[in-house]
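Report on the structure given below.
The values are calculated or read from the model by the stated rules, or taken from the named source; none is laboratory data. Keep in mind it's a predicted model, so treat the numbers as computed, not measured. Side chains included, ligands, DNA and RNA excluded: accessible areas come from the protein's heavy atoms. Shrake-Rupley method; radii C 1.70, N 1.55, O 1.52, S 1.80 Å.
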Amino acid sequence: MKKFKFSIDNNPFEVAVTELENGQIDVEVNGSNYIVTIDREATKAANAPAPKVAPKAAAAPKATPTAAPAAAPKAAPAAAPAAAPAASGSVKTVKSQLPGSVTKLVMEVGQAVKKGDTVLMIEAMKMENEIKAECDGTIAKFYVEAGKSVMADDKLFDIACGGATAAPAPAPVAAPAPKAEAAPAPKAEPAAAPAAGGPAKPLKSPLPGSITKILVTPGQAVKKGETLLMMEAMKMENEIKAEKDGVVAEIKVTVGQNVMNDEVLLLLA
């Protein structure tokens, strides 16, 4: 047995060489044994460099682990094509802005609507509130029905936003039209109201908002429940109605004017 001590790249090695039969030698490197076959014509001096081949072979497994992790990240991005969900239609859920009671469903499930179309009506704070579509699309689902009470932030309906046809749009627009025609008809009946006399009663705003439309004029006779003007508040159109039969004595606001809660809108005699 021959023993050697040397270093490679500042790494120490202890090597013991034992000669076997048939041109083989047993080489022990730092406690690890290797069987090395040498050419019979090689000199005994050539036995010393032979173990240098063995450590290089031991380093080969180091390259194998590095290849395995490299392949793993490539497999992970395969799941990345999350572009598929983008192809699905956008569904928008419209919620109630304040507590109230659903009085009418103007649209039906599957009906095409345009942004701004009235979908349902909610009575809140003694006012009829128009809940409108927030995008062009199709009514996908209703969470409420006529007569159901809702709280603020309750779900009302879903709209599948997308290419909606304009044909159904005139349906909700036609509903308000009779209100303007009905206003002149009662003029003859409430004519007797002024005879009763009495002080004019102020009609006040139930919440802050902006006046969008005035439907009556001073001196016009109105009936209880008739819409007098429209006010936008909390992203909803609110109908301000007459609280009794009478005659419009004076209008205190104009279209586009912002009003505060409890501010006088008109006087009703």
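Figures for the structure shown
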{"item": "GLU237 open to solvent by 40 Å² or more (accessible area, probe 1.4 Å), of a type outside the set (Phe, Trp, Tyr) and in a strand (DSSP E or B)", "result": "no"}
{"item": "Among (1) open to solvent by less than 90 Å² (accessible area, probe 1.4 Å); (2) modelled with pLDDT under 50 - the single one VAL53 does not satisfy", "result": "(1)"}
{"item": "Condition broken by SER205, with the remaining ones in (1) of a type in the set (Gly, Ala, Ser); (2) under 41 Å from the mean Cα position of the chain (by Cα); (3) open to solvent by 50 Å² or more (accessible area, probe 1.4 Å) satisfied", "result": "(3)"}
{"item": "Residue ranges of strands (runs of 3 or more DSSP E) in region 68-156 with at least 2 members open to solvent by less than 60 Å² (accessible area, probe 1.4 Å), closer than 30 Å to SER205 by Cα and at pLDDT 90 or above", "result": "90-95, 100-105, 118-124, 127-132"}
